[in-house]
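Notes for the one structure printed next.
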Amino acid sequence: MLRNKIMAPITKHYDYLVIGGGSGGVASARRAASYGAKTLLIEGKAMGGTCVNVGCVPKKVMWYASDLATRVQQANEYGLFQDLDLSKKNLTFNWPQFKEKRDAYVHRLNGIYERNLTKEGVEYVYGWASFNKDGNVEVSSTDGKDTSVYSADKILIATGGKPIHPENIPGYEFGTDSDGFFRLEKQPKNVVVVGAGYIGVELTGVFHGLGSNAHLVIRGDTVLRKFDESIQHTITDHYVKEGINVHKHSQVQKVERDDKTGKLTVFLDHDGEIIEDVDTLIWTVGRKSLLGLGTENIGLKLNERGQVIVDEYQRTNVPEVYSLGDVVGNVELTPVAIAAGRKLSNRLFGPEQYKDQKMDYTNVPSVVFSHPEAGSIGLSEAAAIAKYGKENIKVYNSSFTAMYYAMLEHKSPTRYKIVCEGPNEKVVGLHIVGDSSAEILQGFGVAVKMGATKQDFDNCVAIHPTSAEEIVTMT
């Protein structure tokens, strides 16, 4: 128990205090309360965290708009609306109107989160939390006028992360980040996105699909370098083919802004390249833990990246202080934080059967909402060879054009890869690119998690005609 030294009045004592109202924190708080734990959740901004407010949810809404814009342009070739010219030159998108609808949807979700907490018996307060020297949690109200102090038997730090800004680059402040993307009031005609990770790839795809002239600046030869090479090359090549300006082997040297027009000029280090007349520059060069909680007052250990160090049971070095989600690192995905939060509360407050429950961070499926989508679970081909040896790995590949594009002049690629290990050909990696990859991967993710072999895949009768049938018919 974190005991107070009678140096500050305690407003209230709880069984469980959760700092951070994101997906992981909310899931853990609700699960704890369901077992009867007296629970308090503290959130500084809006309930739902990054995912609901400036991440997965509004991003996917924007992806839908961008994807639909592409589908509409294909309608003429399917014999539809042929009295209308639906080519890209006539594409229009009402960004301000759509932003208003999107923001209203997010606001509704904030309310749903609050009501679910109340329904489960979780108390919550809005304010900024920090540990004081007594080991208790001080909360300053969002207006800064009031401060309350809370104590608890157990405390969870689930504060998430925030975008990194490259402060070493002159003029970096003229750009914004992925949070700022959702604040844009109008669509930029000419936009530069910096970063080869999934956030940069997704935002670039959204802009391009909605008609902006999009530039993507990457340090290497491909995007999505943490994924299998099949995904890296397929998405990179298709983005280039579709007309996205991908600046390879490039880094931003400096950024200048014209005070009269507000336009930006972005200087790259590759062949003296300059991108002019830029309306918006977006940095997607990584994320870091969101702390600033006075963790030094309780002696909390962090790693060299400023992330909270935890063991396999989400325990920090401080007794009865736990942490999970993006503030810890590991697998930074919303469903992972939710699962980890629920399992932690099961173990701390649930019945005896959960006393050893912990999150399994292996074989976690993840997708990229690029154009087309990409999905992955397990080891890449390179990682599998490094782990098991090349002689113990067999790889199945398939590249084809989905039937949808048979009627269309412009095609979008589909590429699937199955990575198998050992004489039984256990599937240790599945990597897919193509339409509906996110939906396809969810089901196959279950199979991989259960330890399926290539023969198990083959034993499943194909659903025809689909793209996914290729995964169970590869030879």
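Which of the peptides 218-226, 460-468 is most tightly packed, and how do the rest follow, judged by the mean count of other Cβ atoms within 10 Å per residue?
Working: 218-226: 17.7, 460-468: 12.6.
Result, highest mean Cβ count within 10 Å first: 218-226, 460-468.
Here the scattering of segment 404-475 is modelled by Debye summation over its C-alpha atoms, one equal scatterer each and no solvent; at q = 0.12, 0.26 Å⁻¹ the log10 of I(q)/I(0) is -0.34, -1.32.
What is the Å³ per residue value for the convex hull set by the Cα atoms of the chain? Mind dumping the intermediate values first?
Details: hull volume 86.5 nm³, N = 475.
With only Cα atoms used, the chain gives 182 Å³ per residue.
Quick check: from the Cα gyration tensor, does segment 221-319 come out rounded (a/c under 1.5), prolate or oblate? It is oblate, given that a/c is not under 1.5 and a/b is not larger than b/c.
Taking the protein heavy atoms of segment 1-118 in the context of the full set of protein chains, the accessible area attributed to carbon and sulfur is 56 percent at 1.4 Å.
Taking 24 Å as the straight-line reach from the Cα of Lys449, the lysines in range (excluding those fewer than 8 positions away in the same chain) are Lys226, Lys343, Lys355, Lys358, Lys387, Lys390, Lys394, Lys417, Lys426. For the chain, the solvent-accessible area with a 1.4 angstrom probe is 48 square angstrom per residue.
To put it simply, the accessible area of segment 175-299 at a 1.4 Å probe is 44 percent carbon and sulfur.
In the chain, helical runs assigned H by DSSP with n ≥ 4 each contribute -39500 (n - 2.57); averaged across all residues and rounded to the nearest 500, the mean residue ellipticity at 222 nm is -9000 deg cm²/dmol. Over 30 Å apart at the Cα level, from the set Lys59/Lys133; Lys162/Lys189; Lys38/Lys101, are Lys59/Lys133; Lys38/Lys101. Seen from a random direction on average, the alpha-carbon convex hull of segment 113-262 projects onto 14.6 square nanometres. Magnitude of the charge dipole for segment 14-92, about its Cα centre and with charges confined to Cβ atoms of Lys, Arg (+1) and Asp, Glu (-1), is about 320 debye. Couplings 3J(HN,Hα) for segment 173-182, derived from phi with the Karplus relation 6.51 cos²θ - 1.76 cosθ + 1.60 (θ = phi - 60°), are 5, 7, x, 10, 10, 5, 4, x, 3, 7 Hz, where x marks Gly and Pro. Computed 3J(HN,Hα) for segment 365-375, one whole-Hz value per residue from the Karplus formula 6.51 cos²θ - 1.76 cosθ + 1.60 where θ = phi - 60°, is x, 9, 10, 10, 8, 8, 10, x, 5, 9, x, glycine and proline marked x.
Amide H contacts of Asp134 (H built 1.01 Å from N, in plane; Pro and chain starts excluded): no residue 5 or more places away or on another chain comes under 5 Å.
The aspartates and glutamates whose alpha-carbon is closer than 18 Å to the alpha-carbon of Lys454, local same-chain residues fewer than 8 away aside, are Glu381, Glu391, Glu421, Glu425, Glu469, Glu470.
The HN-Hα couplings worked out from phi for segment 67-84 by the Karplus form 6.51 cos²θ - 1.76 cosθ + 1.60 (θ = phi - 60°) are 5, 5, 4, 5, 5, 4, 5, 8, 4, 4, 6, 8, x, 9, 6, 6, 7, 10 Hz, whole numbers, x standing for Gly and Pro.
Tell me whether segment 325-475 comes out rounded, prolate or oblate; compute the Cα gyration tensor, take square roots of the eigenvalues as a ≥ b ≥ c, and use a/c under 1.5 as the rounded threshold. It is prolate, given that a/c is not under 1.5 and a/b is the larger ratio.
Taking only alpha carbon atoms, segment 286-407 gives an Rg to Rh ratio of 1.10, where Rh is the Kirkwood radius. Based on the alpha-carbon gyration tensor of segment 359-401 and its eigenvalue square roots a ≥ b ≥ c, which shape applies: rounded if a/c is under 1.5, prolate if not and a/b is larger than b/c, or oblate? Oblate.
The values are calculated or read from the model by the stated rules, or taken from the named source; none is laboratory data. Small disclaimer: the values here were computed from a predicted structure and weren't measured. Note: ideal-geometry Cβ built from the backbone for every residue, glycine included; neighbour counts use all protein chains shown. SASA here: full protein model, heavy atoms, side chains in, ligands and nucleic acids out. Shrake-Rupley method; radii C 1.70, N 1.55, O 1.52, S 1.80 Å.
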